[in-house]
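Inspection log for the structure reproduced underneath, given as structure tokens.
The values are calculated or read from the model by the stated rules, or taken from the named source; none is laboratory data. For clarity, every value in this text was computed on a predicted model and none was experimentally measured. Ideal geometry is used to build each Cβ from the backbone, glycine not excepted, and the neighbour counts take in all protein chains shown.
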Amino acid sequence: MQPHIAPQYKHLITIRTGKPKGSLADALKSDPDKVRRLSLSEQQLAKVAEDHGTEIVRFTQRNILRIYPKGTRVTSSNYNPFLGWVHGAQMVAFNMQGYGRALWLMHGFYKANGGCGYVKKPDFLVQTEPEVFDPREPQPVKKTLKVKVYMGDGWRMDFKQTHFDQYSPPDFYTRVGIAGVPADSVVKKTKAIEDNWVPVWEEEFSFPDRPRDCFAAGGGARV
């Protein structure tokens with residue numbers, strides 16, 4: 001059988017998967033002679049990230065880390081994907097049939113590369129010198145990201161005139177936020193514009209930009 005194997009298959013690399021045995025800290029120890037793929041649930045990741053954040057980043061520099069939703073998410077809800085991404089996890093599994101903010105974050109994160117499902121790791125997650133990146137440690141601010149919310153329109157095409165209020169137009173406000181490492185995650189809100197289907201806010205918000213952080217900007221309108 002050996003002579004009949006296509007040459008392309010000989011170049012494939014197989015990385016065996018496994019779930020942690022023993023303590024989570026022990027499971028994150030890297031073997032310089034082997035490459036592994038480790039699967040952690042969202043609860044396991046949250047637990048080990050509290051005290052072993054740099055160990056997770058160091059593990060993902062040589063190995064594959066997969067994060068998956070907890071089994072009790074029977075409604076296909078999702079968890080915050082950034083906890084896995086900022087620790088270098090290459091596979092952050094999602095309930096794609098779900099809906100909500102976590103899925104919006106995932107869609108926005110991959111939109112920057114055309115939505116192909118792959119985003120190259122930033123340099124700070126793969127470098128080992130002068131030290132391994134610690135997602136919990138604040139970084140100095142190098143720039144300021146400014147976002148201006150001008151106006152909103154289009155809701156009348158999707159909702160009836162009395163959908164929000166039977167007697168008057170809705171009162172709209174907008175939220176703009178940064179999703180990323182815990183130190184930078186923040187949401188800001190415009191003032192509410194009363195009784196107007198085409199609200200004009202003209203409000204500007206400033207967000208600190210730390211160049212070593214993974215982050216995404218997003219927004220949404222509320223009534």
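Among the residues of region 108-119, write down those that are loosely packed, with under 13 Cβ neighbours inside 10 Å and either assigned by TED's automatic domain parsing to the domain that holds residue 177 or farther than 21 Å from residue 38 by Cβ (or both). Those that are loosely packed, with under 13 Cβ neighbours inside 10 Å and either assigned by TED's automatic domain parsing to the domain that holds residue 177 or farther than 21 Å from residue 38 by Cβ (or both): 111, 112, 113, 114, 115, 116.
Out of 64, 15, 5, which single residue is more than 25 Å from residue 181 (Cα to Cα) and surrounded by 10 or more Cβ atoms within 10 Å (Cβ to Cβ)? Before you say what the answer is, go through the steps one by one.
Values: 64 fails: more than 25 Å from residue 181 (Cα to Cα); 5 fails: surrounded by 10 or more Cβ atoms within 10 Å (Cβ to Cβ).
The conditions single out 15.
Considering region 2-41, the residues that are in a helix (DSSP H, G or I) and in contact with a Leu (Cβ under 8 Å, 6 or more places away or on another chain) include one that is nearest to residue 71 (Cα to Cα), namely 24. When 92, 86 are checked against the criterion of being among the β-branched types (Val, Ile, Thr), buried (at least 16 other Cβ atoms within 10 Å of the Cβ), at pLDDT 85 or above and touching a helix residue (DSSP H, G or I) at 6+ places or on another chain (Cβ under 6 Å), 92 stands alone in meeting it. Among the conditions (1) surrounded by fewer than 18 Cβ atoms within 10 Å (Cβ to Cβ); (2) farther than 30 Å from residue 133 by Cβ; (3) under 30 Å from the mean Cα position of the chain (by Cα), residue 190 misses just one, which is (1).
Of all residues in region 135-154, those being surrounded by 13 or more Cβ atoms within 10 Å (Cβ to Cβ) and of a type in the set (D, E, K, R) number 1. Taking region 1-57 as the range and being more than 30 Å from residue 73 (Cα to Cα) and modelled with pLDDT of 85 or more as the test, only 35 passes.
Kindly evaluate residue 172 against the criterion of being in contact (Cβ under 8 Å) with a residue 40 or more places away in the chain, surrounded by 11 or more Cβ atoms within 10 Å (Cβ to Cβ) and under 25 Å from residue 56 (Cβ atoms). Reasoning before the result, please.
On the way: in contact (Cβ under 8 Å) with a residue 40 or more places away in the chain: yes; surrounded by 11 or more Cβ atoms within 10 Å (Cβ to Cβ): yes; under 25 Å from residue 56 (Cβ atoms): no.
Taking the combined requirement at face value, the residue does not satisfy it.
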